[in-house]
1. Give the separation of the Cα centroids, the range 217-231 to the range 274-297, in Å.
2. Take Ala295 and Glu136, extend 7 Å from each Cα along the Cα→Cβ direction, and tell me the distance between the two endpoints in nm.
3. Set the Förster radius R0 to 56 Å, insert the Cβ-Cβ distance between Glu391 and Arg144 as r into 1/(1 + (r/R0)^6), and round the FRET efficiency to 0.05.
4. When we measure straight from the Cα of Lys362, which lysines land under 24 angstrom away, once same-chain ones fewer than 8 places off are left out?
5. Quick one: length gained pulling Ser420 to Arg56 fully straight, 0.36 nm per residue minus the C-alpha distance?
6. Counting only C-alpha contacts under 8 Å and six or more residues apart, can you give the relative contact order of the chain as a whole percent?
7. What FRET efficiency comes out for Ser117 versus Lys34 if R0 is 51 angstrom and r is the Cβ-Cβ distance? Round to the nearest 0.05.
8. No solvent, one uniform scatterer per C-alpha: report log10 I(q)/I(0) for the chain via the Debye equation at q = 0.07, 0.08, 0.13, 0.14 1/Å, two decimals.
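The values are calculated or read from the model by the stated rules, or taken from the named source; none is laboratory data. As the structure is a prediction and not an experimental result, all values here were calculated from the model. As a convention, Cβ positions derive from the backbone with ideal geometry for all residues, glycine included, and neighbour counts pool all protein chains shown. When the accessible area is computed, the model is the full protein with side chains, heavy atoms only, and any ligands, DNA or RNA have been set aside. Shrake-Rupley method; radii C 1.70, N 1.55, O 1.52, S 1.80 Å.
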Amino acid sequence: MSQYKLETNCLHAGYTPGRGEPCALPICQSTTFKYDTTDEMGQLFDLKAEGYFYTRLQNPTNDAVAAKIAALEGGVGAILTSSGQAANFYAIFNICEAGSHVVAASTIYGGTFNLLSVTFRKLGIDCTFVDTDASEEEIAAAFRPNTRALFAETIANPALVILDIEKFARVAHAHQVLLIVDNTFATPVNCRPFEWGADIVTHSTTKYMDGHGLQVGGAIVDSGNFDWEACKEKYPGLTEPDESYHGIVYTRQFGRNAYITKATSQLMRDLGSIPSPMNCFLLNIGLETLPLRMARHCENAQKAAEFLFAHPKVSSVNFAGLPSDKYHALAQKYLPNGTCGVISFELTGGREAAVRFMDSLKLANIATHVAASKTMVLHPASHTHRQMNDEQLAEAGVSPGMIRLSVGIENIDDIIADLSAALENA
Ligand code: PLP
């Protein structure tokens, strides 16, 4: 499938029906798969033969969708998870253990921030956060001998900071450390981080990839480019025998597929956060139209951002498509066809005006969800950051009047009319 372009792969990669077989991806809603001899199945348990035996490890529907996402990102393999949170947890835990250290960009999604700052710490994995805009020297200063991963988002949620992927890749690789990039908001339609040096890409497929707000899911994709053997002692989980799998050495047996094979056969086996085949089927439907939707999201968001920017009741707009935006130049380099449909903006009237604005919207849904076909809006100070006072909000980079707008694919005239009418009341 790799000879095809992205739009074609969105429809065809991962599943090629044979003669008389269904054109739509079949849903293999089965926990288990039948074999004829004891030895046949034994070979599967030893990872000596390929085949399906239990859906927690592998399932044809899930695998087809994983293969499609791997093709879209230009990776050698992918694994699907039951949520984006699970994807980021697995992506890091696959190469970290108690005593390891991670460096992460401070602007990452709050859920991932908590995962790294609280939950991983309970497991003995420490994290240092760095400013996404920090210099290479400043990022390097956060590295320790036990650092195993550098983590960041292509477009940070909700700060909309654009990552200088090459800068992060240079620092990570100078330390022989893996760069993991969460590419949820950009999607491979707008940016393929492997082309800029990232080693692993993660996704909350809940967002644009699904697009219709139907299923919660995640994905991890491996570029296959990281040379584990060159820094063997840092990644013993991949380069030394896995006692829980009859002493298999993943790098020796699976080469460029070592990382994804370990995530599947060890982490998924033990932790089991798989998506259902039905959810993978739904995700696949979303992937088929992803390029069309992303283009429309970007076009609509550009017009909505320009409208908001010119409005007297709006004091600031964060959207890298605006020439005045701090991240415009980085966006032009890494995301030349558009960033995503998410905008954040501030009203001159502060918190009260934001609430009046939100409550006056008729078309946009007030929802915690983001990056879906329908226009959605959230007031962080009243919702995701509700427990914080104004001082704490400032520390978190969220001002009381800030609104996060996820521009959908409706007719832009209707979206702007809704924003305009609500601003009258703000
Ligand atoms: N990564 C990013 C960039 C996100 O925005 C989110 C959720 O909003 C996640 C990961 C977590 O994904 P999920 O909600 O699918 O668990």
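1. 23 Å
2. Each label point is offset 7 Å from its Cα along the Cβ direction, giving 3.7 nm.
3. Result of the calculation: an efficiency of 0.95.
4. In chain and number order, the partners are Lys207, Lys303, Lys313, Lys374.
5. 126.2 nm
6. 16 percent.
7. Efficiency at R0 = 51 Å is approximately 0.65.
8. Relative scattering, expressed as log10 I(q)/I(0), comes to -0.34, -0.45, -1.13, -1.29.
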